[in-house]
Amino acid sequence: MYVSGVRGSSGAGHRGVVVCALVVLAAAAGCAPGRTACVNSGFPSLVLPAQAPVAVAQAKPPKVPIAGCPKIFSRLDWNATAPDTRRINPMGKITRITIHHAGMGVEEESSIEAVKAELRTIQRSHKGFRHWADIGYHYIIDANGRVWEGRPIKYQGAHAGNSTVNKGNVGIVVMGNFNLQRPTTIQMASLRRLVGYLMQKYRIPVSKVYTHREISARNGLHATECPGKYLQEKVNAMRTRLADAGKPGK
Ligand SMILES: [Zn+2]
């Protein structure tokens, strides 16, 4: 949902029935946004073995693909305007994830060009109307299951209620109003893949994958319906699967 908030990068809570917004991927993250293959140079379990041949004159270490990294359309793809870096906070250590819904009208599957235009509209609203430094969320998942880069992950988002709660907190918004509609199968597949990738990359336990209503309650912030009853149910099931996937023998 769109989050009302203080100026700058800290998002304030939703008003009444909350409406969550969009997201951005960080250029600083290993999973480079864009149409190229995801790469990562710092994930310990995927570093090449020591005996792998290394070119003596090589300036940079080889990049190793991360399994499961979703394709992410970059800010360039949707012609995002630059963030206002004069009033944006660094992300800090990433320790948690919060899932939202857009919470506006029912979203239908649409063309890629229509989604790009929608992202630009949301960014204009967040920057111009809410006076935030950029679009509030780090990632956006559209009705077709496409994943889009929102605010660069090196910056704190504006989605969870205030600067304290946004710190180190990756904001993901799923487009749609999930009090009125059910998330599509492909949206949930993309969400599960993105969340699983982020958990792996930043070593986030499933216990720190929240929905907006959960993190609001946990921090004593105002109640919100975000991410809607249908997405909440799906996230509950998704977390069970993600937790099971991390158990030995699975
Ligand atoms: Zn929300």
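The values are calculated or read from the model by the stated rules, or taken from the named source; none is laboratory data. These figures come from a predicted structure and were not determined experimentally. Ideal geometry is used to build each Cβ from the backbone, glycine not excepted, and the neighbour counts take in all protein chains shown. Accessible surface areas use protein heavy atoms only, side chains included; no ligands, DNA or RNA. Shrake-Rupley method; radii C 1.70, N 1.55, O 1.52, S 1.80 Å.
The table below gives the values:
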{"item": "Condition check for Gly92: in a loop (DSSP other than H, G, I, E, B), within 17 Å of Arg193 (Cα to Cα), open to solvent by 10 Å² or more (accessible area, probe 1.4 Å) and touching a Lys or Arg at 6+ places or on another chain (Cβ under 9 Å)", "result": "no"}
{"item": "Selection count where residues are at pLDDT 95 or above and open to solvent by 20 Å² or more (accessible area, probe 1.4 Å), scope the stretch 95-117", "result": "8"}
{"item": "Single unsatisfied condition, Thr240 versus (1) away from the ligand (no atom under 13 Å from the Cβ); (2) hydroxyl-bearing (Ser, Thr, Tyr); (3) open to solvent by less than 10 Å² (accessible area, probe 1.4 Å)", "result": "(3)"}
{"item": "Within the stretch 128-148, tally of residues that are in contact (Cβ under 8 Å) with a residue 24 or more places away in the chain, open to solvent by 10 Å² or more (accessible area, probe 1.4 Å) and farther than 23 Å from Gln181 by Cβ", "result": "2"}
{"item": "Pairs where the first residue, in the stretch 75-104, is at positive phi and within 16 Å of the ligand (Cβ to nearest atom) and the second is open to solvent by 20 Å² or more (accessible area, probe 1.4 Å) and outside any strand (DSSP E or B), C-beta under 6 Å, 6+ apart", "result": "Gly103/Val19"}
{"item": "The lone exception for Asp77 - which of (1) modelled with pLDDT of 95 or more; (2) surrounded by fewer than 19 Cβ atoms within 10 Å (Cβ to Cβ); (3) touching a strand residue (DSSP E or B) at 6+ places or on another chain (Cβ under 8 Å); (4) over 30 Å from Leu180 (Cβ atoms) it fails", "result": "(4)"}
{"item": "Filter pass, Arg213 being open to solvent by 40 Å² or more (accessible area, probe 1.4 Å), in contact (Cβ under 8 Å) with a residue 60 or more places away in the chain, not aliphatic (A, V, I, L, M) and not in a loop (DSSP other than H, G, I, E, B)", "result": "no"}
